[in-house]
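Working notes, beginning with the structure itself.
The values are calculated or read from the model by the stated rules, or taken from the named source; none is laboratory data. Computed from a prediction, not measured in an experiment: that's the story for all the values here. So basically every Cβ, Gly included, is an ideal-geometry build from the backbone, and we count neighbours across all protein chains shown.
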């Protein structure tokens, strides 16, 4: 748990274990608990929640957490029904375990097409059926499931706010991805959307890549994103590639008074 003895403990802005993929999940959660009181577990490789040892570690860590599901985006939007079905089965297994472990929210990527394509009605129909299925799973397990906007304008069918009918799902709004697709303002202006969760990181916008750089180093207005997220009651997660970048973001947010104190 977040130790408030002799340190400033920050709430409301959590950290993804994606910055600690070189460590065991237990070690990653320990590092995160020294910074904040909320984690997002990227369920890949050593951090997979399907590993029994990791399930025990999550319980011992005692941190409130969300789970980012595995990257099944190529298969989820596949034109082949068997591949789509297999991707849904992978998510179903993760969702069942996440709910059992007490996960607060499960994040899923929409489709990614390997080659740039024009918008496909067939893929849209596949994804909207997937959203209906995720909505049913959300109701079955009593755990919010959120679909994330992606940064690939000609490779994904969920980039802008109204790209898909997401049924009863929630939205995991990724501010960095929106900056790349030049949809950041469009997302932030829409208070009617079911945004439940926010991923925060920076980049150089449409002329750069999805670099997940520290806050304050690019075009993303972190203050505005955090303000809107809090207004909508959304959890906020820093998504970076390593611990140094996580610390840089915390330093930037702290200097600008964008962090709140944990309640003692």
*Could we say that residue 95 is surrounded by 18 or more Cβ atoms within 10 Å (Cβ to Cβ), under 30 Å from residue 219 (Cα atoms) and in contact with a strand residue (DSSP E or B) (Cβ under 7 Å, 6 or more places away or on another chain) here?*
no
*Somewhere in the range 131-153, is a residue at pLDDT below 95 and either over 13 Å from the mean Cα position of the chain (by Cα) or under 28 Å from residue 99 (Cβ atoms) (or both)?*
yes
_the range 71-109, subset in contact with a helix residue (DSSP H, G or I) (Cβ under 6 Å, 6 or more places away or on another chain) and assigned to a loop (DSSP other than H, G, I, E, B), residue farthest from residue 142 (Cα to Cα)_ = 78
*Looking at this structure, is residue 134 buried (at least 20 other Cβ atoms within 10 Å of the Cβ), in contact with a strand residue (DSSP E or B) (Cβ under 8 Å, 6 or more places away or on another chain) and either without any contact (Cβ under 8 Å) to a residue 12 or more places away in the chain or in a loop (DSSP other than H, G, I, E, B) (or both)?*
no
*Any residue in the range 101-124 that's farther than 14 Å from residue 69 by Cβ: show its pairings with residues that are surrounded by fewer than 11 Cβ atoms within 10 Å (Cβ to Cβ) at Cβ separation under 8 Å, as long as the two are six or more apart or on different chains.*
none
